[in-house]
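The values are calculated or read from the model by the stated rules, or taken from the named source; none is laboratory data. Computed from a predicted structure; not experimentally measured. Glycine also receives a Cβ, built like all others from the backbone with ideal geometry; neighbour counts cover every protein chain displayed.
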Amino acid sequence: MLSAFSIIVRLAWDLLQWCGLLLRPRESLEAEILFLRRQLALYRERGVKPRRVDAATRVTLTLLSRWFDWRSALVIVRPETLIGWHRAGFRLWWRWKCRSGRPPIPKELRELIRRMARENPAWGQERIANELLLKLGLQVSPRTVGKYMPRPAPGRPRGDQRWSTFLRNHARAIIACDFCVAVTSTFRVLYVLVVIEHHSSRLIHFNVTAHPTAQWTRQQLREAVGYEEQYAYLLHDRDSIFSTEVDECIQRLGLRVLKSLPRSPKANSICERVIGTLRRECLDWLIPLSEAHLRQTLKSWVAHYNRGRPHSALGPGVPDPPADLSVPLSKSRHRLDDFRSVHGEPILGGLHHEYSLARA
């Protein structure tokens with residue numbers, strides 16, 4: 001790279017000198033030519049060995065030799081050498097003009113091919129080429145598409161779907177349930193049943209009781225499943241509350257019961273996680289006075305959990321956003337428009353807040 005830059009600089013300097021010579025009188029140029037030829041004759045008589053000719057000098061001598069009879073003025077090299085420089089320059093120019101291969105496709109199209117390959121790991125080069133042709137009107141050869149597709153990572157040589165994609169495709173049909181306990185101010189133990197949907201992380205049902213029998217649990221699961229959503233699997237642990245009668249009732253509703261392994265809370269991780277969130281954000285900050293008080297508190301918190309609390313696992317997002325939820329974009333990333341203000345609505349007496357935009 002440095003050698004090419006030096007050649008360009010030398011050629012530019014020679015061009016400037018040549019332009020300066022064009023402005024001089026003809027008599028002055030002829031006198032200087034005779035003067036230089038006389039010195040070259042002395043140089044040839046004494047037999048002084050010249051320096052090695054660099055690339056810039058070769059290009060300059062080759063270009064200047066096209067304007068006069070150079071054979072009588074050539075001293076430092078033989079005529080065959082200068083002719084070889086002519087031929088090498090011609091070959092280089094012709095190789096550049098007749099370079100093989102197709103020209104590269106635009107950068108935007110290359111980025112689009114890489115994006116489609118990343119977003120669809122199971123697609124091959126022919127599928128991406130057909131997608132570009134039929135949907136976007138871009139005619140690209142499958143071999144060209146394969147040239148710009150990213151290479152698979154060492155841990156995923158086949159390029160199939162990830163486990164996260166596999167689980168996301170099945171999460172829409174899975175719900176999970178579990179129990180947690182809360183102690184009232186009179187040291188009474190209450191049991192809280194929560195039922196969560198895997199796909200949206202939405203709490204679809206909850207209830208509180210002091211005596212969690214199999215009949216009560218069966219009725220709660222019937223209310224949770226309903227007939228609007230088409231669930232296929234119900235996941236719960238091996239607690240004795242989930243008896244055989246409860247599982248048979250759920251199976252008659254069209255669901256298949258999946259029991260987690262003993263002492264394996266990670267097998268029901270989503271439900272265990274929401275119970276931990278329930279404790280950290282609600283139950284650890286209050287002492288329920290009665291069963292009705294706990295049910296009313298959980299009702300307020302569940303509404304906040306489903307409709308107002310951001311979830312990082314959703315992108316972030318809200319499991320059950322309101323239909324009128326629309327956030328207008330601001331002109332600046334860090335400033336609100338002049339006609340809008342931030343409104344905070346307290347939840348659970350100010351333990352949490354839900355923020356929204358309102359006109360100033």
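Residues that are buried (at least 16 other Cβ atoms within 10 Å of the Cβ) and modelled with pLDDT of 90 or more are absent from the stretch 317-334 altogether.
Per-residue answers, yes or no, for (1) among the hydroxyl-bearing types (S, T, Y); (2) modelled with pLDDT of 85 or more; (3) within 30 Å of R58 (Cα to Cα):
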{"residue": "P104", "(1), (2), (3)": "no, no, no"}
{"residue": "L109", "(1), (2), (3)": "no, yes, no"}
{"residue": "R114", "(1), (2), (3)": "no, yes, no"}
{"residue": "E119", "(1), (2), (3)": "no, no, no"}
{"residue": "A122", "(1), (2), (3)": "no, no, no"}
{"residue": "L133", "(1), (2), (3)": "no, yes, no"}
{"residue": "S141", "(1), (2), (3)": "yes, yes, no"}
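Evaluate the following for W70: is it in the same structural domain as D14 (by TED's automatic domain parsing) and either touching a strand residue (DSSP E or B) at 6+ places or on another chain (Cβ under 7 Å) or modelled with pLDDT of 80 or more (or both)? Here the answer is no, as W70 does not meet what is asked.
A single member of S269, S264, S240, S260 is farther than 14 Å from A176 by Cβ and without any contact (Cβ under 8 Å) to a residue 60 or more places away in the chain, and it is S240. Restricting the stretch 101-115 to residues that are within 14 Å of the chain's Cα centre (by Cα) and surrounded by fewer than 17 Cβ atoms within 10 Å (Cβ to Cβ), the residue that is nearest to V145 (Cα to Cα) is R114.
Look at (1) free of Cβ contacts under 8 Å to residues at least 40 places away in the same chain; (2) on the phi < 0 side of the Ramachandran plot and you find that F187 fails only one, number (2). Of the residues making up the stretch 216-258, those that are more than 37 Å from the chain's Cα centre (by Cα), among the β-branched types (V, I, T) and in a helix (DSSP H, G or I) are T217, T244, V246, I250. Residue pairs whose Cβ atoms lie under 9 Å apart, separated by 6 or more positions or on different chains, with the first residue in the stretch 114-142 and β-branched (V, I, T) and the second not in a helix (DSSP H, G or I), are I128/N120; I128/V140; I128/M149; V140/I105.
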